Amino acid sequence: MLLVRDGARGIEVLTLKRSLKMRFLPGHIAFPGGSLDEGDWQFAGASNGFAVIAQEQPDDNAYAFAALRECAEEVGFACALCKSGERLDERRLTLFDQQRLLKSELRYEDWLHEQGLKLDLSRLRFVGRWVTPPAMPARFDTRFFLYHMNKPRLTPSVNLDENDWAQWVEARSVVSQIAEGKLAAVPPTIAMLEGLGRYPKVDACFADLKVPGPPAL
């Protein structure tokens, strides 16, 4: 999930640095996200008629819900909220509820129900789908979504079991640091950062951004 806000020098994106303890891409720059759970499919099937902007596949809504759930788990942000048809600003989960999500003691859809909230998936823009090349030992089918933070000063609560930090960073600055060898990132992450860096403001980016991956084999 590309959580973005307008910064003084360009678009800023919430970026994670993966823990060195992680088996997959230790120490690499990444964005909030993860694998699909069974509940993601069920929730997307009852998504109140909302669909992501620029949707390409019928199951994009399931991936979008998974991305929103992972945001809640990894950084404590509840995004794309609505209540009685009214769009709401983002919320920070309590640390207690965030830990319950991480320990699978609470389902995100149940947390939403407890709060009387629903998700408006039309506040997300589908940006691109990237599939790991066949030669790689581990393959992933990843879809990227863009979300404009209405409450941009919300402080992330990072899951330290998986990530060393979560920070708002200017997209073009991160691209430069990767090129200089100061940070590590895989091609899809770099492509997303470069795409964000092409726009001066989030509104223009949300209306247009597309970063397709290479053809899947």
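Brief remarks follow.
- On the stretch given as the range 72-103, residues that are farther than 30 Å from PRO212 by Cβ, outside any loop (DSSP other than H, G, I, E, B) and aliphatic (A, V, I, L, M) total 3.
- Number of positions in the range 153-169 that are over 12 Å from GLN98 (Cβ atoms) and either of a type in the set (A, V, I, L, M, F, W, C) or under 14 Å from the mean Cα position of the chain (by Cα) (or both): 6
- Within the range 159-217, the set of residues being of a type in the set (Asp, Glu) and loosely packed, with under 14 Cβ neighbours inside 10 Å comprises ASP161, GLU180, ASP203, ASP208.
- Criterion: out of contact with any strand residue (DSSP E or B) (no Cβ under 8 Å at 6 or more places or on another chain), touching a residue at least 40 places away in the same chain (Cβ under 8 Å), surrounded by 17 or more Cβ atoms within 10 Å (Cβ to Cβ) and not aromatic (Phe, Trp, Tyr) - qualifying residue of GLU73, GLU12: GLU73
- Qualifying residue in the range 210-217 (condition: in contact (Cβ under 8 Å) with a residue 60 or more places away in the chain and touching a Pro at 6+ places or on another chain (Cβ under 7 Å)): yes
- In the range 104-117, residue farthest from GLU162 (Cα to Cα) [restricted to those that are part of a loop (DSSP other than H, G, I, E, B) and free of Cβ contacts under 8 Å to residues at least 40 places away in the same chain]: GLY116
- Taken together, the criteria exclude GLY195 from residues that are under 17 Å from the mean Cα position of the chain (by Cα), among the small types (Gly, Ala, Ser), modelled with pLDDT of 95 or more and in a strand (DSSP E or B).
- Residue within the range 30-46 that is small (Gly, Ala, Ser), buried (at least 17 other Cβ atoms within 10 Å of the Cβ) and touching a strand residue (DSSP E or B) at 6+ places or on another chain (Cβ under 6 Å) present: yes
- In the range 100-158, of all residues being surrounded by fewer than 14 Cβ atoms within 10 Å (Cβ to Cβ) and of a type in the set (Ser, Thr, Tyr), the one that is nearest to GLU90 (Cα to Cα) corresponds to THR155.
- Only one entry of ARG153, ARG139, ARG69 meets the criterion of being at pLDDT 90 or above and either within 18 Å of LEU3 (Cβ to Cβ) or outside any helix (DSSP H, G or I) (or both), and that entry is ARG69.
- If you check VAL202, VAL169, VAL174, VAL211 for being of a type in the set (Val, Ile, Thr) and in contact with a His (Cβ under 6 Å, 6 or more places away or on another chain), only one passes: VAL202.
- Residue within the range 18-35 that is outside any loop (DSSP other than H, G, I, E, B) and farther than 23 Å from LEU101 by Cβ present: yes
The values are calculated or read from the model by the stated rules, or taken from the named source; none is laboratory data. Computed from a prediction, not measured in an experiment: that's the story for all the values here. Cβ atoms come from the backbone with ideal geometry, glycine included; neighbour counts cover every protein chain shown.
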